[in-house]
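Below is one structure, written out as structure tokens; the observations come after it.
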Amino acid sequence: MRIIGGSAKGTKLKTPKGASVRPTADRVKEALFSIIAPRLPGSVFLDLFAGSGAVGIEALSRGAGECVFVENKKENTALIKENLSKTGLSKYSRVIFKDTKKAINILARQAFKADLIYLDPPYVSQEIPEVINQLLEMNIFNENSLNIVEHSHRNVQWMEKLATSLHFTAQKKYGDTCLTFIQVSSPLSWNRYNEK
């Protein structure tokens with residue numbers, strides 16, 4: 001796996017062995033960063049269920065001002081730190097070795113605010129609405145924060161359990177993978193399953 005754009009383009013990243021982490025495909029990653037490119041410069045990026053840290057590191061490489069990585073596996077947090085060191089982006093980052101919900105509580109106590117939040121739990125995870133609603137309840141979102149969820153296109157039932165103050169803005173489908181974009185501010189056009 002490599003960084004595909006920005007200051008660290010071409011840097012090879014280490015990934016965990018085995019099937020515990022499912023890396024975001026380059027096609028999906030390129031599509032994601034094409035969509036959020038106008039929001040990236042100087043932004044605060046929160047990478048939840050960070051795995052190897054590839055998405056958050058890509059965000060830093062492309063101009064995000066800061067990234068917080070949250071990962072609950074010790075071996076993966078070590079990999080994130082190693083990958084950050086390889087790309088020279090450690091000084092713009094913080095790695096939290098905690099369960100996602102506990103990490104959100106810690107960030108809330110620190111009055112942390114994110115502009116872009118990337119959520120990539122296991123594809124069959126049912127905790128997506130709990131985590132997103134907690135982000136809202138703990139006031140982690142900025143006024144115009146954008147939350148992006150990577151999930152299986154078959155795992156969509158969680159959408160009905162989100163707080164009514166959150167609005168779907170778009171959904172992009174790439175094979176089995178979906179990227180769903182959710183915003184706190186007023187609703188934008190909802191373009192479900194807009195294939196590329």
Per-residue [θ]222 nm for the chain (sum of -39500 (n - 2.57) over DSSP H runs n ≥ 4, rounded to 500): -8000 deg cm²/dmol
Which listed pairs, of Lys29/Lys113; Lys29/Lys91; Lys86/Lys161; Lys17/Lys102, have C-alpha distances above 31 Å, in listed order: Lys86/Lys161
Computed magnitude of the charge dipole of segment 1-90 (debye, nearest 20; Cβ of K, R +1, Cβ of D, E -1): 260 debye
Partner aspartates and glutamates for Lys12 [C-alpha distance under 14 Å; skip if fewer than 8 residues away on the same chain]: Asp26, Glu58, Glu82
Å³ per residue enclosed by the Cα convex hull of segment 26-183: 104 Å³
Charged-residue dipole, Cβ positions (Lys, Arg, Asp, Glu), segment 26-183 about Cα centre, Debye nearest 20: 260 debye
Fully extended contour minus Cα-Cα distance, from Arg2 to Glu82, at 0.36 nm per residue: 27.4 nm
Dipole of the chain, positive direction: furthest Cα of Ala50, Gln171, Ile104, with charges on the beta-carbon: Ala50
Total charge dipole magnitude, segment 88-134, about the Cα centre, Cβ charges on Lys, Arg, Asp, Glu only, Debye to nearest 20: 340 debye
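Just so you know, all these numbers are worked out from the coordinates, no wet-lab data involved. Computed from a predicted structure; not experimentally measured. Positions of Cβ are backbone-derived with ideal geometry, glycine not excepted, and every protein chain shown enters the neighbour counts.
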